[in-house]
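Participant: To start, I am sharing the structure in question, which I have written as structure tokens.
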Amino acid sequence: MTNHELECAHACRNTCAMLNEALRKETALLQFYEQIILQCDYPDVHAFVRDLAEQRSQSLLRIVNKLNELRARSQAMDGVLSSFES
């Protein structure tokens, strides 16, 4: 997917297409780093890539947390809206 194909729909409600795409790409990058870690035996490079992998893991957790936050907010808003419906 090129940058020109990636556009925000601006219609997110209980999820975000952009964050889901970020999650997909971060996951792929983490898997790539894990393959390097498995194959690399040069200590400096191994340690450096392990650090990069840890950073990607933290990014993944942050994205998942934000997606969960958006989902929870949407559910709360749905609950408020449904309380006004007859």
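This table checks each residue for (1) at positive phi; (2) in contact with a Gly (Cβ under 6 Å, 6 or more places away or on another chain); (3) modelled with pLDDT of 95 or more; (4) not hydrophobic (A, V, I, L, M, F, W, C).
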site: 3; (1), (2), (3), (4): no, no, no, yes
site: 6; (1), (2), (3), (4): no, no, no, no
site: 19; (1), (2), (3), (4): no, no, no, no
site: 32; (1), (2), (3), (4): no, no, yes, no
site: 41; (1), (2), (3), (4): no, no, no, yes
site: 55; (1), (2), (3), (4): no, no, yes, yes
site: 60; (1), (2), (3), (4): no, no, yes, no
site: 64; (1), (2), (3), (4): no, no, yes, no
site: 86; (1), (2), (3), (4): no, no, no, yes
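Participant: Here is a follow-up. Quickly run through region 62-71 and pick out the residues that are within 15 Å of residue 25 (Cβ to Cβ) and free of Cβ contacts under 8 Å to residues at least 12 places away in the same chain.
Facilitator: Once the filter is applied, which keeps residues that are within 15 Å of residue 25 (Cβ to Cβ) and free of Cβ contacts under 8 Å to residues at least 12 places away in the same chain, region 62-71 yields only 62.
Participant: Out of the residues in region 42-62 that are of a type in the set (Ser, Thr, Tyr) and surrounded by 11 or more Cβ atoms within 10 Å (Cβ to Cβ), state the one that is farthest from residue 19 (Cα to Cα).
Facilitator: 57
Participant: Starting from region 14-36, take each residue that is within 12 Å of residue 66 (Cβ to Cβ) and list its partners that are of a type in the set (Asp, Glu) and at pLDDT below 95, counting only C-beta distances under 9 angstrom and pairs at least six apart or across chains.
Facilitator: Going by the 9 Å Cβ cut-off, the qualifying pairs are 18/7.
The values are calculated or read from the model by the stated rules, or taken from the named source; none is laboratory data. Fair warning: this is a prediction, and the values are worked out from it, not measured in the lab. As a convention, Cβ positions derive from the backbone with ideal geometry for all residues, glycine included, and neighbour counts pool all protein chains shown.
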